[in-house]
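Okay, structure first, notes after.
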Amino acid sequence: MGCKQKFFQKSLTTNHTNQHKPYVRYHLIFLVLLFLFLSSCERPEYSRIDVALGTVCTVTLFDQGKNSIYNDIFNRIREIENLMSIRITASDLSRVNASAGIEPVQVHEETFKVIKRAVYYAELCGGAFDPTVGTLVSLWGFNGGTPRIPSQEEINSVLPLINWRNIELYPETNSVFLTQHNMILDLGAIAKGYAVDEAARITKKAGITRAIIDLGGDIMVLGEKKDKGLWNVGLQNPDDEQGITIGYLKLSESAVVTSGVYERFFIEEGNRYHHIFQPYDGYPVNNGLLSVTIIAENAMDADALSTAAFVLGYEKGRALIESLPSAEAVFIFQDYTIQTTPGVNLVITDKSFN
């Protein structure tokens, strides 16, 4: 319930000037009291849930959450969406794609920053994470179309368009050029992580030290629980309904992002076809993994690394994560076994997994 106040004003005589002085004084006192009253009306708001970035976003600001801070966070998330969504025709990303093979496009500074980071991770993992996979995602119907299995001829026709090396960056003008006509740059595996990081930045700037930011499974936990204990972040069961977990990670001040076969998929003739593709052959990854979860200092890096490690598979994916400072991983396999890097604090509650 919002604050409500009825105001009454008595008519004042204006025949004598000496009556105006006390009126001015009392009016000023009234305005000060009104300001204090209205300021106190903004009660802490425990949590806010909204839809953005094509997913359900939940932000929980403990102890000090206010409407104004939640507004700042969600406005920022939508700014990022308007810049980097492939589904918004006026976005920076859509403009870059529309000019593929034609000319470079100047983009917003932060769009350039995220694309540059995407190229960095593509190079780091040898293309297992490739932001030019958009043509393939669209062909399989995962970008707003009807999911289907394309023909081998269709797949072969788009494979030459998937190559992160064909992204040219011009930092002096923040311009981006896709050198091949019909290339599609897709930041879906990194931009959401960037939005989480921005939400965390706003939260910290507001002086809030305890928070959980969950943008469709890209999660950031800030601080610790009220009792000074670690947060418990549930780990999704990749073979069950959303929200059913196999256990939980014990964390503080960390980002957690998972890539798995359960996020977007369709079933045909008993086979599951999901949205994480092998850039070299155009088919969904099938390497014995159900999911890979990355724990890192920031969500943008965790976002890209979860895709990279999933595509690389367990051995190469683990080697990649262990080569990086402050990054950990949880690998869940089709046979329900779990492997983790040494720094993971995982409590398993579903004994089907081991």
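Can you confirm whether G282 is touching a helix residue (DSSP H, G or I) at 6+ places or on another chain (Cβ under 7 Å) and more than 18 Å from F331 (Cβ to Cβ)? The answer is yes for G282. Looking at the structure I just gave you, is G243 exposed (fewer than 14 other Cβ atoms within 10 Å of the Cβ) and either free of Cβ contacts under 8 Å to residues at least 60 places away in the same chain or over 30 Å from V330 (Cβ atoms) (or both)? It is true that G243 is exposed (fewer than 14 other Cβ atoms within 10 Å of the Cβ) and either free of Cβ contacts under 8 Å to residues at least 60 places away in the same chain or over 30 Å from V330 (Cβ atoms) (or both).
Rundown of residues vs (1) closer than 30 Å to Q106 by Cα; (2) among the β-branched types (V, I, T); (3) in contact with a Leu (Cβ under 6 Å, 6 or more places away or on another chain), yes/no style:
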residue: E172; (1), (2), (3): yes, no, no
residue: I184; (1), (2), (3): yes, yes, no
residue: E198; (1), (2), (3): yes, no, no
residue: G207; (1), (2), (3): no, no, no
residue: V221; (1), (2), (3): no, yes, yes
residue: T245; (1), (2), (3): no, yes, yes
residue: T258; (1), (2), (3): no, yes, no
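Only one entry in N97, N174, N82 is at pLDDT 95 or above and over 30 Å from A206 (Cβ atoms), namely N97. Close Cβ contacts (under 7 Å, 6 or more residues apart or on different chains) running from residues in the range 56-82 that are under 27 Å from K228 (Cβ atoms) to residues that are surrounded by fewer than 23 Cβ atoms within 10 Å (Cβ to Cβ) and of a type in the set (G, A, S) comprise T58/S47; V59/S47; T60/S47; Q64/G207; I69/A206. Summed over the range 246-272, residues that are buried (at least 20 other Cβ atoms within 10 Å of the Cβ) and of a type outside the set (A, V, I, L, M) total 4.
Search the range 207-224 for residues being among the small types (G, A, S) and touching a Lys or Arg at 6+ places or on another chain (Cβ under 8 Å), and hand back the single one that is farthest from E81 (Cα to Cα).
Going residue by residue through the range 207-224, those that are among the small types (G, A, S) are 207, 211, 216-217, 223.
Those still in the list that are touching a Lys or Arg at 6+ places or on another chain (Cβ under 8 Å) too: 216, 223.
Working: G216: 14, G223: 27 Å.
Checking each candidate, the answer is G223.
S99 meets all of the listed conditions (1) over 18 Å from W164 (Cβ atoms); (2) surrounded by 15 or more Cβ atoms within 10 Å (Cβ to Cβ); (3) among the hydroxyl-bearing types (S, T, Y) but one, namely (1). Could we say that I190 is under 30 Å from N166 (Cβ atoms) and either aliphatic (A, V, I, L, M) or surrounded by fewer than 17 Cβ atoms within 10 Å (Cβ to Cβ) (or both) here? Criteria met by I190.
At least 1 residues being closer than 22 Å to I213 by Cβ is the threshold, and among the strands (runs of 3 or more DSSP E) wholly inside the range 250-354 those reaching it are 254-260, 289-296, 328-333, 346-348. Would you pick out the residues in the range 197-211 that are in contact (Cβ under 8 Å) with a residue 60 or more places away in the chain, touching a strand residue (DSSP E or B) at 6+ places or on another chain (Cβ under 8 Å) and part of a helix (DSSP H, G or I)? Listed by number, the residues that qualify are D197, A199, A200, T203. On the stretch given as the range 173-196, residues that are part of a helix (DSSP H, G or I) and either farther than 28 Å from T135 by Cβ or among the hydrophobic types (A, V, I, L, M, F, W, C) (or both) total 3. Among the candidates T111, T132, the residue that is surrounded by 23 or more Cβ atoms within 10 Å (Cβ to Cβ), polar (S, T, N, Q), part of a loop (DSSP other than H, G, I, E, B) and not assigned by TED's automatic domain parsing to the domain that holds G270 is uniquely T132.
The values are calculated or read from the model by the stated rules, or taken from the named source; none is laboratory data. Just so it is clear, the structure is predicted and the values come from calculations on it, not from any experiment. Note that we place each Cβ from the backbone using ideal geometry, even for glycine, and neighbour counts take in every protein chain shown.
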